[in-house]
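Working notes for the structure below.
The values are calculated or read from the model by the stated rules, or taken from the named source; none is laboratory data. Quick caveat, the model's predicted, so the values are computed rather than measured. Note that we place each Cβ from the backbone using ideal geometry, even for glycine, and neighbour counts take in every protein chain shown. Quick note on the areas: whole protein, heavy atoms, side chains included, nothing else; ligands and nucleic acids left out. Shrake-Rupley method; radii C 1.70, N 1.55, O 1.52, S 1.80 Å.
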Amino acid sequence: MIGCDQPGLTPVEDAIRYLLSQVVPLTETQVCELGQACGRVLASDVVSPMNVPPADNSAMDGYAVHPGNDPERPIGLFRQRGTVLAGEVFEGVLSAGECVRIMTGAVVPDGARLVVMQENTDVVDAGVKVTDLAALKPGDNIRRAGEDIQKGAVVLPAGRRLTPADCGLLASIGVPDVEVVRPLRVSLLTTGDELIAPGEALAPGKIYESNSFSLRPIFERLGAEVQLLTAVSDSLPAITDALKNAADHADIILTSGGVSVGEADFTREAVESLGQLDLWKLAMKPGKPLAFGRIGETLFIGLPGNPVSALVTLHQVGLPVIRTLSGETLPPRIRIPAIVVDTLRKRPGRADYQRGIAELHADGQWQVRSTGQQGSGILSSVSRANCFIVLEQDRGRVNPGETVLVEMFDQWLL
């Protein structure tokens with residue numbers, strides 16, 4: 001398997017590249033009404049059936065004018081032939097010295113060379129007078145047909161996860177529905193005899209099961225169909241049956257806990273009996289243990305069990321796999337430099353994804369402070385945060401005033 005400077009540890013970026021090389025994106029598609037398409041992944045390019053704008057139109061209220069054929073001596077007084085509102089078309093052709101009152105968005109009449117802002121005109125008995133002839137230039141204040149989108153152009157590519165703006169864009173070219181990848185089917189499995197559901201009395205030795213409440217919303221925001229199997233009994237038959245059932249219905253199975261490297265664990269044994277499994281130690285904190293394999297055609301990812309470790313590992317490592325499997329073309333991560341306000345404890349050896357609060361100050365400089373204790377079981381450190389403070393693998397202690405990279409929480413975590 002992939003190595004790094006620390007014996008037995010795999011750098012995060014190397015792990016992601018390898019995992020992505022093992023993923024075959026879904027190919028089954030559906031036709032989705034545009035009103036329901038936000039968040040879905042396009043299965044094919046969308047080609048514009050029209051120009052946008054469809055015709056030359058006015059960028060503001062004013063007068064569409066024909067200033068004559070001599071650009072050095074434009075006409076300054078125009079005879080008004082009518083008014084054209086948005087949604088209307090002026091019948092006729094303007095000749096030199098003629099104008100039409102025009103509103104924003106209205107189609108520019110044939111023969112008009114430019115639109116003059118109404119603030120630069122005076123209405124007089126003889127017609128409409130332009131007050132600043134020297135400022136006239138052909139094409140002023142006209143939005144040309146196809147200026148935004150040209151007919152036949154690819155508006156949005158296959159693999160794009162549709163945003164609200166994308167859906168508005170598609171509506172603007174008259175597209176009523178789109179071909180999208182079918183929803184991903186995800187099974188989320190948590191095991192442990194010590195786990196009980198929130199709302200039940202907390203008996204001695206028991207803890208509330210929380211990981212599914214952090215992880216499931218991420219899958220749902222991806223538009224996945226989620227099968228939840230919580231608090232499966234710590235026995236080989238129970239876990240094997242649960243995994244077998246999940247593999248029959250899911251494209252990918254995720255578990256939290258129970259597959260740490262070197263751990264004699266029923267989940268590990270069950271996966272290996274049903275398929276294949278690789279156990280890794282990632283050079284990341286929180287996290288480190290990761291399992292990846294297959295049960296038949298179904299992918300399997302085993303996340304760490306501690307709440308923060310599970311959430312961070314899913315976000316940084318699992319999500320690229322899941323999004324690629326769903327047919328999405330991954331955008332690059334965005335990390336920005338920021339000045340640290342307080343001391344950050346760290347030892348070289350693992351990339352550290354500490355939780356922080358980043359703020360943009362009046363001078364345009366980003367600053368970031370820690371949310372406090374960074375233990376892998378302190379879920380409040382994520383709840384209070386708005387970003388990850390991403391500390392490089394070889395970096396050590398960070399002092400106030402030093403520069404770090406921050407990755408703002410995205411739509412999967414906020």
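When residues in region 308-345 are screened for being part of a loop (DSSP other than H, G, I, E, B), farther than 26 Å from Thr298 by Cβ and in contact (Cβ under 8 Å) with a residue 60 or more places away in the chain, 3 of them pass. When residues in region 379-410 are screened for being surrounded by 14 or more Cβ atoms within 10 Å (Cβ to Cβ), in a strand (DSSP E or B) and out of contact with any Cys (no Cβ under 7 Å at 6 or more places or on another chain), 8 of them pass.
Selection over region 108-121 of residues that are open to solvent by 50 Å² or more (accessible area, probe 1.4 Å) and either modelled with pLDDT of 95 or more or within 43 Å of the chain's Cα centre (by Cα) (or both) gives a count of 5.
Against the test of being open to solvent by 20 Å² or more (accessible area, probe 1.4 Å), more than 30 Å from Pro49 (Cα to Cα), more than 19 Å from the chain's Cα centre (by Cα) and acidic (Asp, Glu), the options Asp193, Asp177 yield a single qualifying residue, Asp193. Determine if region 312-327 includes at least one residue that is surrounded by 20 or more Cβ atoms within 10 Å (Cβ to Cβ), touching a helix residue (DSSP H, G or I) at 6+ places or on another chain (Cβ under 9 Å) and more than 16 Å from Arg17 (Cα to Cα). Within region 312-327, one or more residues are surrounded by 20 or more Cβ atoms within 10 Å (Cβ to Cβ), touching a helix residue (DSSP H, G or I) at 6+ places or on another chain (Cβ under 9 Å) and more than 16 Å from Arg17 (Cα to Cα).
In this entry, Asp70 is excluded by the filter for residues that are surrounded by fewer than 20 Cβ atoms within 10 Å (Cβ to Cβ) and at pLDDT 95 or above. Screening the candidates Lys151, Lys129 for the property of being free of Cβ contacts under 8 Å to residues at least 60 places away in the same chain, among the basic types (Lys, Arg) and either touching a Ser or Thr at 6+ places or on another chain (Cβ under 9 Å) or within 30 Å of Leu26 (Cβ to Cβ) (or both) yields one hit, Lys129. Residues in region 43-90 that are under 35 Å from the mean Cα position of the chain (by Cα) and β-branched (Val, Ile, Thr) were compared, and the one that is farthest from Pro138 (Cα to Cα) is Val46.
Remark: pairs (first residue in region 86-101, without any contact (Cβ under 8 Å) to a residue 60 or more places away in the chain; second residue of a type in the set (Val, Ile, Thr) and part of a loop (DSSP other than H, G, I, E, B); Cβ separation under 8 Å; 6+ apart in sequence or on different chains) = Ala86/Thr104; Ala96/Ile75; Gly97/Ile75.
Among Ser370, Ser376, which is in contact with a helix residue (DSSP H, G or I) (Cβ under 9 Å, 6 or more places away or on another chain), more than 21 Å from Leu9 (Cβ to Cβ) and crowded, with 19+ Cβ neighbours inside 10 Å? Give the steps one after another, and end with the answer.
Numbers: Ser376 fails: more than 21 Å from Leu9 (Cβ to Cβ).
So the residue among Ser370, Ser376 that is in contact with a helix residue (DSSP H, G or I) (Cβ under 9 Å, 6 or more places away or on another chain), more than 21 Å from Leu9 (Cβ to Cβ) and crowded, with 19+ Cβ neighbours inside 10 Å is Ser370.
You will find that of Pro332, Pro286, Pro307, the residue that is surrounded by fewer than 19 Cβ atoms within 10 Å (Cβ to Cβ) and under 24 Å from the mean Cα position of the chain (by Cα) is Pro332 and no other. Within region 394-414, residues that are aromatic (Phe, Trp, Tyr) have Cβ atoms under 8 Å from residues that are open to solvent by 70 Å² or more (accessible area, probe 1.4 Å) in these pairs: Trp412/Arg221, counting only partners at least 6 apart in sequence or on another chain.
When residues in region 85-102 are screened for being at negative phi and part of a loop (DSSP other than H, G, I, E, B), 9 of them pass.
Looking only at region 130-148, which residues are assigned to a strand (DSSP E or B) and under 13 Å from Asp56 (Cα atoms)?
So the first thing to find is which residues in region 130-148 are assigned to a strand (DSSP E or B), and the list is 130, 142-143.
Answer for region 130-148, where residues must be assigned to a strand (DSSP E or B) and under 13 Å from Asp56 (Cα atoms): Ile142, Arg143.
Only residues that are of a type outside the set (S, T, N, Q) and in a strand (DSSP E or B) were counted in region 177-192, giving 9.
Select, from Leu162, Leu188, the only residue that is in contact with a Cys (Cβ under 6 Å, 6 or more places away or on another chain), aliphatic (A, V, I, L, M) and crowded, with 19+ Cβ neighbours inside 10 Å.
Leu162
Of the listed requirements (1) surrounded by 14 or more Cβ atoms within 10 Å (Cβ to Cβ); (2) over 34 Å from the mean Cα position of the chain (by Cα); (3) in contact (Cβ under 8 Å) with a residue 40 or more places away in the chain, Val23 misses just one: (2).
Screening Gly82, Gly105 for residues that are part of a strand (DSSP E or B) and surrounded by fewer than 18 Cβ atoms within 10 Å (Cβ to Cβ) leaves exactly one candidate, Gly82.
Considering every residue within region 134-150, establish whether at least one is hydrophobic (A, V, I, L, M, F, W, C), surrounded by fewer than 14 Cβ atoms within 10 Å (Cβ to Cβ) and modelled with pLDDT of 95 or more. Before the answer, list the steps.
First, the residues of region 134-150 that are hydrophobic (A, V, I, L, M, F, W, C): 134-136, 142, 145, 149.
With the extra rule that they be surrounded by fewer than 14 Cβ atoms within 10 Å (Cβ to Cβ), the set shrinks to 134-135.
Cutting the leftovers down to modelled with pLDDT of 95 or more gives us none.
Looking through region 134-150, none of the residues is hydrophobic (A, V, I, L, M, F, W, C), surrounded by fewer than 14 Cβ atoms within 10 Å (Cβ to Cβ) and modelled with pLDDT of 95 or more.
Condition test on Gly305, is it part of a loop (DSSP other than H, G, I, E, B), closer than 24 Å to Ile253 by Cβ and touching a Ser or Thr at 6+ places or on another chain (Cβ under 7 Å)? Break it down stepwise before answering.
Working: part of a loop (DSSP other than H, G, I, E, B): yes; closer than 24 Å to Ile253 by Cβ: yes; touching a Ser or Thr at 6+ places or on another chain (Cβ under 7 Å): yes.
Here the answer is yes, as Gly305 does meet what is asked.
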